Amino acid sequence: MSAGAEQHSRPAPTMPAADPELLTMVSNRLATVRGRIARACGRRGRDPRSVRLVAVTKGHPARAVRALVASGVTELGENRVGEMLSKMDIDLPVPVSWHFVGRLQSNKARDVIGRVALVHSVDRRSLAEALSRRAQRAEVVQRMLIQVNVGRDPAKAGCDPDDALELVGLVRQLPGLAVEGLTTMLPRPPADRDVRAHARPFFARLRELRDTARTRWPEVSDLSMGMSADFEVAVEEGATIVRLGTALLGPRSERP
Ligand SMILES: *Cc1c(COP(=O)(O)O)cnc(C)c1O
């Protein structure tokens with residue numbers, strides 16, 4: 001900015017206020033989602049506070065992040081490292097925690113270590129080893145989930161369900177890492193199949209795996225499962241974390 005421009009400009013507000021129309025929309029959607037989570041909990045005798053909501057902001061601009069936070073959301077998720085790092089720089093009125101929910105390459109380990117509350121997508125030993133090295137170097141303990149490809153869908157990341165317990169056992173012993181649970185991404189339902197009926201057995205399978213793991217290792221307790229199309233089924237099947245984008249923010253802009 002030139003000296004002349006500086007003279008005439010007012011001091012820039014350090015924190016742009018949330019766009020009022022967007023804030024209304026997001027607050028309403030959030031209230032609806034929380035109500036749906038609470039009712040799904042009610043059907044299973046669960047306490048709604050046992051389900052954490054992670055708002056996935058990928059493909060949405062900074063003002064969407066501000067509107068979520070102004071509505072009371074404190075946990076945000078991204079599936080690409082670059083987009084997450086730039087969103088971490090957004091000025092927000094309260095501290096938030098970030099979740100990395102996407103595919104992670106080992107050479108990006110240092111971008112997430114110590115910066116995110118939870119890495120949701122550890123699905124192989126080599127990645128866990130890279131995270132462990134970085135965590136030791138940074139002198140932090142990084143919390144993470146093991147991602148399981150419960151539907152054995154070649155298009156989805158995650159370890160084979162038959163290998164999940166072995167991978168949990170291995171990763172939890174690596175220095176600097178704390179395995180806190182399991183996560184999954186489901187295969188896309190066939191066009192003629194009800195989304196919820198499709199999802200339920202996969203969620204139930206992930207829960208069984210978590211239950212087995214937890215009997216050996218009590219800290220392996222979280223179940224991150226359920227997205228906008230199927231989160232109520234996930235909650236009925238035991239999800240402790242749901243990851244929602246569209247239900248809170250509407251459709252995303254196209255990304256390459
Ligand atoms: C995009 C994304 C979500 C949210 O998806 P919606 O269907 O928009 O709710 C959840 N988890 C992961 C890993 C994602 O990439």
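Within segment 235-256, take every residue that is of a type in the set (D, E, K, R) and at pLDDT 95 or above and give me the one that is farthest from Gly181 (Cα to Cα).
The selected residue is Glu236.
Within the set of pairs 6 or more residues apart or between chains, which connect a residue that is in a helix (DSSP H, G or I) inside segment 17-45 to a residue that is modelled with pLDDT of 95 or more and surrounded by fewer than 12 Cβ atoms within 10 Å (Cβ to Cβ) with Cβ atoms less than 7 Å apart?
Cys41/Asp47
Here are Leu127, Leu170: which of them is of a type outside the set (Val, Ile, Thr), without any contact (Cβ under 8 Å) to a residue 60 or more places away in the chain and surrounded by fewer than 16 Cβ atoms within 10 Å (Cβ to Cβ)?
Testing whether each residue is of a type outside the set (Val, Ile, Thr), without any contact (Cβ under 8 Å) to a residue 60 or more places away in the chain and surrounded by fewer than 16 Cβ atoms within 10 Å (Cβ to Cβ) leaves just Leu170.
What number of residues within segment 48-93 satisfy the criterion of being touching a Phe, Trp or Tyr at 6+ places or on another chain (Cβ under 9 Å), polar (S, T, N, Q) and in contact (Cβ under 8 Å) with a residue 40 or more places away in the chain?
Count: 0.
Among the candidates Val179, Val220, Val233, Val242, which residue alone is within 12 Å of the ligand (Cβ to nearest atom) and either within 18 Å of the chain's Cα centre (by Cα) or part of a loop (DSSP other than H, G, I, E, B) (or both)?
Val242
Matching residues to (1) within 18 Å of His99 (Cα to Cα); (2) in contact (Cβ under 8 Å) with a residue 12 or more places away in the chain:
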{"residue": "Gln136", "(1), (2)": "no, yes"}
{"residue": "Gln147", "(1), (2)": "yes, yes"}
{"residue": "Asp153", "(1), (2)": "no, yes"}
{"residue": "Asp163", "(1), (2)": "no, no"}
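Can you spot a residue in segment 38-47 that is touching a Pro at 6+ places or on another chain (Cβ under 7 Å) and at pLDDT 95 or above?
yes
If we scan segment 122-134, do we find a residue that is polar (S, T, N, Q) and part of a loop (DSSP other than H, G, I, E, B)?
No, every residue in segment 122-134 fails to be polar (S, T, N, Q) and part of a loop (DSSP other than H, G, I, E, B).
I'm trying to understand the selection: among the residues of segment 59-110, which are of a type in the set (D, E, K, R), under 16 Å from the mean Cα position of the chain (by Cα), in a helix (DSSP H, G or I) and under 25 Å from Leu182 (Cβ atoms)?
Residue satisfying the conditions is Glu83 alone.
Are any residues in segment 52-96 acidic (Asp, Glu) and surrounded by fewer than 22 Cβ atoms within 10 Å (Cβ to Cβ), and if so, which ones?
Across segment 52-96, the qualifying residues are Glu75, Glu83, Asp89, Asp91.
The values are calculated or read from the model by the stated rules, or taken from the named source; none is laboratory data. The model shown is predicted, which means the values in this text are computed figures rather than measured ones. Every residue, glycine as well, gets a Cβ built from its backbone with ideal geometry; the counts of neighbours run over all protein chains shown.
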